[in-house]
Amino acid sequence: MSQFFDIHPDNPQPRLVRRAVELLRAGEVIAYPTDSSYALGCLVGDKAAMERIRRIRRLDDKHNFTLVCRDLSEIAAYAKVDNTAFRLLKTYTPGPYTFIFKATHEVPRRLQHPKRKTIGIRVPDHRVTQALLDELGEPLMSSTLILPGESLPLNDPEEIRERLEHELGAVIAAGACSPEPTTVVDMTAEVPEVLRQGQGEIEALA
């Protein structure tokens, strides 16, 4: 049965943040809030936890997982970012965007798209997420919390606990998030391409 941490959205309690990170390091999957919707997260190198996320969401091997990073400096270790892309990232992060890049060798192959060798990159604008990342000291491997057969992410932490309490190590409750997922932008071609229009404004990207 998952633990339930009621964390303040603006002033996250350090003790609860540390406990959530301890569970991640012990191999658990957590549900946590972001600036777009709730997401599932685990350690980047934890194969068993990643497979649990695949099972919860019934994902195939073509799914693009996302690395949730603290800031731009962390992104460069995992994604091949040129100067043009860096300027765009500087404009749109932190925020409700997922950017698809060619992955570097630091990204485990199982997290990459099997044919394109890409990885999603995200820097959320949410204090609880940032507190988790600061305590963890590395990116979170993440996937939007959309259950099989549903079109929108789960948004209510009580409902998440009720439906997934036997699948998760913890649910981090910090109030409702936006019902919209992130805007997804493919950065692997010369011109960025919006693959999914979500919460983030896309006029300057289109």
Using only the Cα atoms of the range 19-65, what do you get for the radius of gyration and for Dmax, in Å? 10.9, 32
Cα-based Lys pair tally, the range 1-149, threshold under 12 Å, eight or more apart or on separate chains: 6
Considering the zone a paramagnetic label at Asp61 would reach in this model (a point 7 Å from Cα along the Cα-to-Cβ line), which residues of the range 81-113 have amide N under 19 Å from it? 103, 107-113
Relative to the longest principal axis of the C-alpha atoms of the chain, give the angle of the C-alpha long axis of helix 47-57, reported between 0 and 90° and rounded to the nearest 10°. 90 degrees
Give me the percent of Cα-Cα pairs in the range 1-115 that sit more than 19 Å apart, rounded to a whole number. 54 percent
Once you place label points 7 Å from the Cα toward the Cβ at Ala189 and Lys80, how far apart are they in nm? 1.7 nm
In percent, how large is the relative contact order of the range 102-206, given Cα pairs closer than 8 Å and 6 or more residues apart? 15 percent
Whole-number accessible area per residue in Å² for the range 96-146, which is evaluated in the context of all protein chains at 1.4 Å: 39 Å²
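Can you show me the helix-derived [θ] at 222 nm for the chain, built from DSSP H runs with n ≥ 4 at -39,500 (n - 2.57) apiece and divided by the number of residues, rounded to the nearest 500.
-7500 deg cm²/dmol
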Can you report the principal axis dimensions of the chain using only the alpha carbons, biggest first, rounded to whole angstrom? 47, 33, 33
The answer for the net charge of residues other than Thr188 whose Cβ lies under 13 angstrom from its Cβ, with Lys and Arg +1 and Asp and Glu -1, is +1
Can you give the longest run of the chain that contains no trypsin sites (Lys or Arg not before Pro) sitting in a DSSP loop with at most 12 other Cβ atoms inside 10 Å? 116-206
To check my understanding: the extent here is largest minus smallest coordinate of the Cα atoms along each principal axis. What are those three numbers for the range 57-101, in Å, largest first? 35, 20, 16
Rounded to one decimal in Å, the inverse mean reciprocal Cα-Cα distance for the range 91-139, i.e. its Kirkwood radius, is 12.1 Å
Give me Rg/Rg_expected for the range 95-206, where Rg uses Cα atoms only and Rg_expected = 2.2 N^0.38 Å with N residues. 1.16
Sequence-distant residues sharing a close amide H with Phe65 (under 5 Å, placed H): Gly120
Measure off, as a whole percent, the carbon and sulfur share of the 1.4 Å-probe accessible area of the range 44-125, all protein chains present. 47 percent
Of the options Pro157, Val17, Leu111, report the single residue whose Cα projects farthest towards the positive end of the charge dipole of the chain (beta-carbon charges: Lys, Arg +1; Asp, Glu -1). Leu111
Could you tell me the relative contact order of the chain? Use alpha-carbon pairs under 8 Å, at least six residues apart, and round to a whole percent. 33 percent
Under-5 Å amide H pairs with Gln3, H placed in peptide plane, nonlocal only: Ala170, Val171
Glu165 and Ser151 label points (each 7 Å along its Cα→Cβ direction) are spaced in nm at 3.1 nm
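The values are calculated or read from the model by the stated rules, or taken from the named source; none is laboratory data. As the structure is a prediction and not an experimental result, all values here were calculated from the model. Cβ: placed from backbone, ideal geometry, glycine included. Neighbour counts: every protein chain shown. Please note that ligands, DNA and RNA were not included when accessible areas were found on the heavy atoms of the full protein model with its side chains. Shrake-Rupley method; radii C 1.70, N 1.55, O 1.52, S 1.80 Å.
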